[in-house]
Amino acid sequence: MTKTKPSKMRDAAVRTLAMPADTNSAGDIFGGWLMSQMDIAGEITARRRARRRVVTVAVDGMEFHQPVYVGDIVSCYTDITRVGKTSITVHVEAEASRGLSGESVTVTEGMFIYVALDAKGHPCPVPEPD
Ligand SMILES: CC(C)(COP(=O)(O)OP(=O)(O)OC[C@H]1O[C@@H](n2cnc3c(N)ncnc32)[C@H](O)[C@@H]1OP(=O)(O)O)[C@@H](O)C(=O)NCCC(=O)NCCS
């Protein structure tokens with residue numbers, strides 16, 4: 001899927017507020033927390049496409065471009081870049097909207113790969129799109 005409009009115009013799969021409980025020892029937002037938000041965003045997108053349960057099998061090319069601070073509004077935007085037999089690859093980009101100025105910066109991006117599972121937890125084919 002290609003990006004069709006600027007990220008500010010797109011719907012975020014996840015949007016949340018970075019809280020003090022999510023900080024690392026230096027006081028910035030912990031990278032693991034941000035990755036989990038991105039994984040949730042990718043999973044929502046992959047599950048909608050697969051119309052069934054999916055699990056994360058791999059994460060490729062994570063890049064942390066900018067720090068995230070307490071009080072930032074974090075939005076995760078997703079694009080499906082590949083559909084295999086049982087797997088779906090989702091590009092996830094996280095943006096932080098800073099404080100009251102509303103300045104938005106791309107903070108992180110990565111490729112999240114999900115596998116569609118049947119009722120027994122085995123990989124199963126991704127159906128044709130609706
Ligand atoms: C996901 C899981 C069911 C896949 O089982 P598997 O026996 O490796 O399945 P397969 O080898 O048939 O691979 C399934 C698909 O995943 C893809 N895949 C597997 N490992 C991959 C990797 N490291 N990178 C990219 N794709 C991968 C395969 O290419 C295949 O895609 P395709 O069908 O579109 O060609 C199994 O690895 C698993 O349960 N992992 C744990 C998942 C989990 O708990 N995630 C949450 C972690 S907290």
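Quick notes on this one:
- Positive minus negative residues near SER36 (Lys, Arg vs Asp, Glu; Cβ under 11 Å): -3
- Across segment 76-87, rounded Karplus estimates of 3J(HN,Hα) from the backbone phi angles (6.51 cos²θ - 1.76 cosθ + 1.60, θ = phi - 60°) give 10, 9, 10, 9, 6, 9, 7, 10, x, 5, 10, 10 Hz, Gly and Pro being marked x.
- Fewest-first ranking of ASP79, ASP60, using other Cβ atoms within 10 Å as the exposure measure: ASP60, ASP79
- Residue-count net charge about THR106 - beta-carbon cut-off 9 Å; Lys, Arg +1, Asp, Glu -1: -3
- Listed residues THR78, THR16, THR89, most fluctuating in the chain (Gaussian network, C-alpha, under 10 Å): THR16
- Our estimate of slack between ARG47 and VAL70, defined as 0.36 nm per intervening residue step minus the Cα-Cα distance, is 5.3 nm.
- Rounded to the nearest 20 debye, the dipole magnitude of the chain is 600 debye, with +1 charges on Lys and Arg beta carbons, -1 on Asp and Glu beta carbons, and the Cα centre as origin.
- GNM top mover of LEU17, LEU117, LEU100 - the chain, alpha-carbon springs below 10 Å: LEU100
- Helical contribution to [θ] at 222 nm, DSSP H n ≥ 4, -39,500 (n - 2.57), averaged over the chain, rounded to 500: -5500 deg cm²/dmol
- Per residue, the convex hull spanned by the Cα atoms of segment 11-116 amounts to 94 cubic angstrom.
- Leading residue at positive end of dipole, segment 11-116 (Cβ point charges), from VAL70, VAL54, THR106: VAL54
Read the figures in this text as sums done on the coordinates, not as results from a lab. Bear in mind the structure is a predicted one, so any value in this text is a computation, not a measurement. We place every Cβ from the backbone using ideal geometry, glycine too, and count neighbours over all the protein chains shown.
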